[in-house]
Every structure is written in C-alpha cells, then in structure tokens.
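**Student:** Sharing a structure here in structure tokens format.
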Amino acid sequence: MLEFFEVLWNQTFMQHAFLTGILASLACGIIGSYVVVKRIVFISGGISHSVLAGMGLAYYLGYPPLLGAVLFAILAALLIGVISLRARQREDTIIGAVWAIGMAAGLIFISRTPGYNADLMSYLFGNILMVSRSDLLIIAVLDGLIVLLVFLFYKPFLAVCFDEEYARLQGICVDAVYLLLLCLTALTIVVLIQVVGIILVLALLTLPAAMASHHVRGLLPMMLTATGVGMICTSAGLFLSYEPNLPTGATIVMTAGSLYLLSTAYHSLAQYRQRLRGKRW
Amino acid sequence: MSTHPLIDVQNVYFQYDGELILDDVSLRVREGEFVGLIGPNGGGKTTLLKIVAGLLVPQKGSVLVLGQPPREISSQIGYVPQQINLDKEFPITVLEVVMLGCLGRASLFGGYRKRERELAEKALAEVDMLAFRHRRFGTLSGGQRQRVLIARALAGEPRLLIMDEPTANVDSLSQQQIYDLLHKINEKCTIILVSHDLGVVSRHVTRVACLNRRMVIHPTTAITDSMIQDIYQSHVHLVNHGDILPSGYEPV
C-alpha cells in the first residue's frame, strides 16, 4: 500500500504519470462538459479513432507520434465538423466511416514501419507510466490553450450549445464557433490519449462530466466538478493499478465507471424521493 | 407611430425540399400592433416567423423589418421559439438563459458583464421570474420556462417580439398569465405570435392573419364560422385530393 507513495515520492515516471492525470483532468472536465451537453459523444469517438492514422503516419515517417496526433485530430475534427454541418441526415454513417478508415490507415502505417510494433498497444490503450518530460510539457501547453480559449469563448460556446438558433439571431457565427469547439475537443482527445489511449478516451471525456451534471445548476460548476472528479479517477486509478500491476488506463476507466454508477444511483434515488415528497404535499 | 410598417413582407415564396410552403404571402404590421398568426399545422406559420426573424431567407419576395433586412437588425428582434427544441437536461441557470439574450449588448468574449446582468435581471423582473434566477432552467414548469424565454427575448430590448406557440404545453392558468404579460409588453413593443388555437388568440390580439400556404388577413378579431371553414377545411380538402394542386387553387 505505502509502496505506491514511496514510488510517487522517489520515481520520476510515477510523478509524470500523476501530473499527467491531473493535467488531463482539467482538459477532460472542461471540454467533456461541452461534449456531454452538446451531445457530440459520437463525433468525439470519430475524432479519437482517426487519430491513429496521424500517429501511425508520424511513426512511419520517424516523427514524434504526438505531433501526428495533434495534426490529425484537428484535421478529423474539421472534416467531421463540416460533414455534420452539411449532411444532417446521414451524419452518423459518415462519422462511422471516418472513424473506421482512420483506424485502418493507422494500422497499415504501423505495419509498414520497420522494427517491432510494441507501441501499437500504448496508442490504443494508453500508457500513462511512459509519459516523458517533453510529453508533459506539450500536455501542459495544450491545457493552457484550452483554458484560455474557453475563457475567451465561454459565452458564444454556451449560446451555441444551449440554443443554436438563438445564437444565430444574436449575430454569432454558429458554424465557426462549433468548429472551434470541435478543435478544442480534438486537442483534449490528444491529451487524454496519453492517459487511457484511443479506445478508452470516450470514458474520460464523458463520465466525469456526466457525473458532475447530476449535481450542478450551471455549466461552469459542471466543468469544475468534472475536473475534480477526473482528478480523483486518474489518481485513484493510478494508485489501485500499481500494486496488482493492472493496466493503468483500464483501471482509471473502471474507477470512473464505478463512480458513475454510484452517482447515477444516488441521483435517481434523490429524484425518486423528491417525487414521493411532491406527491404527499 | 411611424408611417412605415414595422414588418413589411411582400410576395414571399418559400420552398423546402421541393414543397411550396409559402405561396405569394404578404403581411404588413404597424408599430404597436399585436398580431396573431393562425392556421393549420404545416400551414407555414413557423416558416413565416423565421423569415421575419431573419433565420430563413425566402426564395422570392422581399422582407423588411424596421425598413431593413431582418438579418441586419436581429438585435432589435426578440424571438421566442417553441420550447420543444430546448434540452431540459442542460445545466444552465435561469439568469444565464436570460443573459444569453443580450449577448449583442456587451462584449462577446470573456465573462459576463455588469450590464448584461442588469438587463437580464430587469427582464426577469418584468416577467415576474426574478426570484427564480438561480434555479436550473430544466427544473421549472412549462409556464415558468416560457416566461423565462420571454425574458430572454426582452433582455435585448427589442422593438418587435416574435413568438412561436407561446402557450403550447402550458396549463390554462399559466396561459392566462402569459397573455396578461403579453398585453403589458405590447404597450411598448410590437408583437406577432403564432398559434393553432384560434379561440384563445382571437380574444387577445388586435388582428388575426390566417396562413395556410396563402395568407388571408382579417382586420378585426371577429372570427366567423366561414373563416374557420376557409382555413381548416381547405387544408383537409388539400389532403384529400393528393399533393398536386390545381393552378387556380384559392382558399377563399
């Protein structure tokens, strides 16, 4: 039990992992709240999986995979964004296609790269214990960018998420704001991929925010609560996975999932009791 | 009262997916009027409102509000959409909903300004919902939500208020309260509202416009049986005879 804290105190890899969890929670709390209230979970899944194409290509060409991830995440966000704005009817079909094609391209690039492909698993499922100092720096910069842009665009984002039509009447360029929001989602996904990998990103993007939404009245409190919940999940997951040597990303997601179930049960119970009381009076 | 009409819609045609929704529709509304727009479902009422609000652009015809294209003066138009389109699960407070109504009045970037808060609180007081300002929007009743949406429209200090079915999903007591409120608002603001409830609307408005693809305007609020016949029967007639209309089709 105490061994974990000793390692955290002494070893840089564990310190990096811990810091990565904290920094990623900030991004996932803020942007995850938008993803949940705007109901763009599926779009986020599409962006996340097409990132593999970028990581694979960067790996193939000998560049840092994180660079490829950032570029392709933004590219996928813009592509999917434009598609969802133009083709409302078959939106889900097209996003599904981008999702799968992105993954396929990534797999092909990785298979053509000489050497052994140990990295594939860490792309898909993340490896928070392997985060380097420079990765940490990039994550911190992306975090700063996300916080700054959300601070600047808080009102237009809220207007567009709550009521697009009314936002348009207010003279807001709804499409541009929507695309910017998707780009921020893309950056957040890149940050979260470091923690839990491409496949499990959706869990960190949605679960803390969904938990927070049960207990708050506004979007800003939702972001703050979701950030806090994210920090608890990542730290607890790191701690719980250490001793039994479990995969860290999966343990973090299981922690978030369990807390989500508890929160949902509590919320439903509270609502049920309120309804009972409402009947009596 | 100015000589120019506040709303001047002339010979507007609107087509959606190959279907003609508005066919040569004209409508003039003077400042200070309270116009009720009635007609059967699918008759084009919401479409006409959205055209007046600047959300849709007609294929043919001209639309002027306050003498300008609606898109250019949208900040002077207050719009109250149908509630159904809003997400009740959305975590947002009543005050925030109303502050979104005056985004055009303050800086779009950064946090909320004092001026936005003041305008929003004033609008909430006007609809008697100030006490609810810190409540979550989704937890309110249908009538209360409607009043908050009216406050959002009023927060922009509009000269024209456009409302789409303001009393749908609202119990009859709240319905009466909303109409009382609209009469008060009408003292300083022109109102045009859509409803399918002819009986209720005719008691409150100064003029009724009937829309079923084409427009018939009645100068008084006297609703006769033949009027109802014209508006609703012709629609049934239309359905019965398939979707191809004879060229000389006239609802009157």
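No value in this document is a laboratory result; all are computed from the given coordinates. Note that the coordinates shown come from a computational prediction; the quantities given were computed from them, not determined experimentally. We place every Cβ from the backbone using ideal geometry, glycine too, and count neighbours over all the protein chains shown.
**Student:** Using a 10 Å cut-off on Cβ atoms, rank the peptides A:19-26, A:201-208, A:217-224 from the highest mean neighbour count down. Intermediate values should be presented prior to the final figure.
**Tutor:** Working: A:19-26: 22.4, A:201-208: 26.5, A:217-224: 20.5.
So the peptides A:19-26, A:201-208, A:217-224, ranked by packing, come out A:201-208, A:19-26, A:217-224.
**Student:** Using the Kyte-Doolittle scale, which helices in chain A average at least 0.0 and also have C-alpha atoms spread 27 Å or more along the helix axis, with helices defined as whole DSSP H runs? Please list the in-between numbers first.
**Tutor:** Values: long enough: A:12-37 (37 Å, 1.57); A:41-61 (31 Å, 1.30); A:65-86 (31 Å, 2.31); A:91-112 (32 Å, 1.24); A:133-152 (29 Å, 2.23); A:174-213 (30 Å, 2.38); A:219-242 (34 Å, 1.44); A:248-280 (48 Å, -0.17).
Span-like helices here: A:12-37, A:41-61, A:65-86, A:91-112, A:133-152, A:174-213, A:219-242.
**Student:** How do B:TYR13, A:TYR166 line up, fewest other C-beta atoms within 10 Å first? Write out the running numbers ahead of the final one.
**Tutor:** Working: B:TYR13 14, A:TYR166 26.
By the 10 Å Cβ count, ascending: B:TYR13, A:TYR166.
**Student:** List the residues, sorted by chain then number, that are 5 or more residues from B:LEU6 or on another chain and whose placed amide H is less than 5 Å from its amide H.
**Tutor:** Sorted by chain and number, the residues that satisfy this are B:VAL29, B:ARG30, B:GLU31.
**Student:** Provide a whole-number value for the mean count of partner chain Cβ atoms within 10 Å of the Cβ atoms in peptide B:98-106. Can you show the working numbers first?
**Tutor:** On the way: counts 0, 3, 11, 4, 1, 10, 4, 1, 1.
Mean number of neighbouring Cβ atoms from other chains: 4.
**Student:** Right, here's the next one. Would you work out the relative contact order for chain A, in percent, from Cα pairs under 8 angstrom that are 6 or more residues apart?
**Tutor:** Details: 413 pairs, mean separation 85.5, N = 281.
Relative contact order, chain A: 30 percent.
**Student:** Okay, moving on. State to the nearest 20 debye the size of the charge dipole of chain A about its Cα centre, where the only charges are +1 on K and R beta carbons and -1 on D and E beta carbons. Please report the intermediate quantities before stating the final value.
**Tutor:** Numbers: 15 positive and 12 negative charges, 228 e Å.
Computed charge dipole of chain A: roughly 1100 debye.
**Student:** Also, I was wondering about something else. Could you give the dipole magnitude of the protein assembly as shown about its Cα centre, charging the beta-carbon of Lys and Arg +1 and that of Asp and Glu -1, in debye to the nearest 20?
**Tutor:** Numbers: 41 positive and 39 negative charges, 192 e Å.
Dipole magnitude for the protein assembly as shown comes out near 920 debye.
**Student:** Starting from the alpha-carbon convex hull of segment B:32-186, give the projected area averaged over all orientations, in nm².
**Tutor:** Numbers: hull surface 40.2 nm².
With the hull built on Cα positions only, its mean projection is 10.1 nm².
**Student:** Something else now. What average count of beta carbons from other chains do you get within 10 Å of the Cβ of residues in B:116-125? Each step should come with its number before you reach the end.
**Tutor:** Values: counts 1, 0, 0, 0, 0, 0, 0, 0, 0, 0.
If you average over the peptide's residues, the count of other-chain Cβ atoms is 0.
**Student:** Also: Please give, to one decimal in nm, the separation of the simple spin-label points placed at A:LEU246 and A:VAL41, each 7 Å out from Cα toward the Cβ.
**Tutor:** For A:LEU246 paired with A:VAL41, the spin-label model returns 2.2 nm.
**Student:** Here's another thing I want to ask about it. Provide the gained length on full extension for the span A:LEU107 to A:SER134, in nm with one decimal, where the gain is 0.36 nm per separating residue minus the Cα-Cα distance. Present the calculation step by step, with values, prior to reporting the outcome.
**Tutor:** Numbers: separation 27, 0.36 × 27 = 9.72 nm, distance 2.54 nm.
So the chain would gain 7.2 nm between A:LEU107 and A:SER134.
**Student:** Take each of the peptides B:99-105, A:98-104, average the number of other beta-carbon atoms within 10 Å over its residues, and list them starting from the highest.
**Tutor:** Values: B:99-105: 23.1, A:98-104: 18.0.
Put in order of decreasing packing, that is B:99-105, A:98-104.
**Student:** Something else now. What list of ³J(HN,Hα) couplings, whole Hz, do you get for segment B:200-207 from phi and the Karplus terms 6.51, -1.76, 1.60, once you set θ to phi - 60° and write x for glycine and proline?
**Tutor:** 5, 4, 5, 6, 10, 8, 8, 8
**Student:** Tell me, what is the FRET efficiency for A:THR12 and A:GLN271 to the nearest 0.05, using R0 = 41 angstrom and their Cβ-Cβ distance as r? Before the final figure, lay out the partial values.
**Tutor:** Numbers: r = 46 Å, r/R0 = 1.13.
My answer for the efficiency is 0.35.
**Student:** Can you report the principal axis dimensions of segment A:2-276 using only the alpha carbons, biggest first, rounded to whole angstrom?
**Tutor:** Taking max minus min along each principal axis of the Cα atoms, segment A:2-276 gives 55, 45, 31 Å.
**Student:** While we're looking at this one, here's another question. How well do other chains shield peptide A:33-44, expressed as the mean number of their Cβ atoms within 10 Å of each residue Cβ? Let's see the in-between values first.
**Tutor:** Values: counts 1, 0, 0, 3, 5, 2, 2, 0, 0, 0, 0, 0.
That works out to 1 on average.
**Student:** What's the FRET efficiency of A:LEU224 with B:ARG135 using the Cβ-Cβ distance as r and R₀ = 22 Å, to the nearest 0.05? Could you put the intermediate results ahead of the total?
**Tutor:** Values: r = 19 Å, r/R0 = 0.88.
Working from the Cβ atoms, E equals 0.70.
**Student:** Give the lysines reachable from B:LYS188 as a straight Cα distance under 27 Å; neighbours fewer than 8 places away on the same chain don't count.
**Tutor:** Hits, sequence-local ones excluded: B:LYS45, B:LYS50, B:LYS114, B:LYS122.
**Student:** Given 0.36 nm per residue, what is the gain on full extension from B:LYS114 to B:ASP180 after removing their alpha carbon distance, in nm? Before the final figure, lay out the partial values.
**Tutor:** Working: separation 66, 0.36 × 66 = 23.76 nm, distance 3.00 nm.
Net length gain for the segment: 20.8 nm.
**Student:** What translational D, rounded to a whole number of µm²/s, comes out for segment A:108-160 from Stokes-Einstein when the hydrodynamic radius is the Kirkwood one over Cα pairs, at 20 °C and 1.002 mPa s? Each step should come with its number before you reach the end.
**Tutor:** On the way: Rh = 14.2 Å.
It comes out at roughly 151 µm²/s.
**Student:** Follow-up question, since we're still on this one. Can you put A:SER111, B:SER174 in order, fewest other beta carbons within 10 Å first?
**Tutor:** Numbers: A:SER111 11, B:SER174 18.
Neighbour counts put them in this order, fewest first: A:SER111, B:SER174.
**Student:** Taking only Cα atoms and a 10 Å spring cutoff, compute GNM fluctuations for chain A and point out the largest among A:GLN11, A:GLN194, A:GLN271.
**Tutor:** The residue with the greatest mean-square fluctuation here is A:GLN271.
**Student:** Which residue fluctuates the most in chain A, going by a Gaussian network model with Cα springs under 10 Å, if the choices are A:VAL150, A:VAL190, A:VAL35?
**Tutor:** Maximum among the listed residues: A:VAL150.
**Student:** Would you mind ranking B:HIS204, A:HIS267, A:HIS49 by Cβ crowding within 10 Å, fewest neighbours first?
**Tutor:** Working: B:HIS204 19, A:HIS267 14, A:HIS49 26.
Result, fewest neighbours first: A:HIS267, B:HIS204, A:HIS49.
**Student:** Along the charge dipole of chain A, pointing to its positive end and built from +1/-1 on Cβ of Lys, Arg, Asp and Glu, which listed residue (A:TYR266, A:ALA250, A:LEU149) has its Cα farthest out?
**Tutor:** A:TYR266
**Student:** Could you give the nm distance between label points at B:ASP197 and A:VAL147, where each point is 7 Å from its Cα heading toward the beta carbon?
**Tutor:** Modelled inter-label distance: 5.1 nm.
**Student:** Assuming 0.692 mPa s and 37 °C, estimate D for the protein assembly as shown with Stokes-Einstein, Rh taken as the Kirkwood radius over Cα pairs, in µm²/s. Kindly include the intermediate steps, with their values, before the conclusion.
**Tutor:** Numbers: Rh = 25.9 Å.
Roughly 127 µm²/s, to the nearest whole number.
**Student:** Of the listed peptides B:47-59, A:176-188, what is their order by residue-averaged count of other C-beta atoms within 10 Å, with the highest listed first?
**Tutor:** Working: B:47-59: 20.5, A:176-188: 22.0.
By packing density, highest mean first, the sequence is A:176-188, B:47-59.
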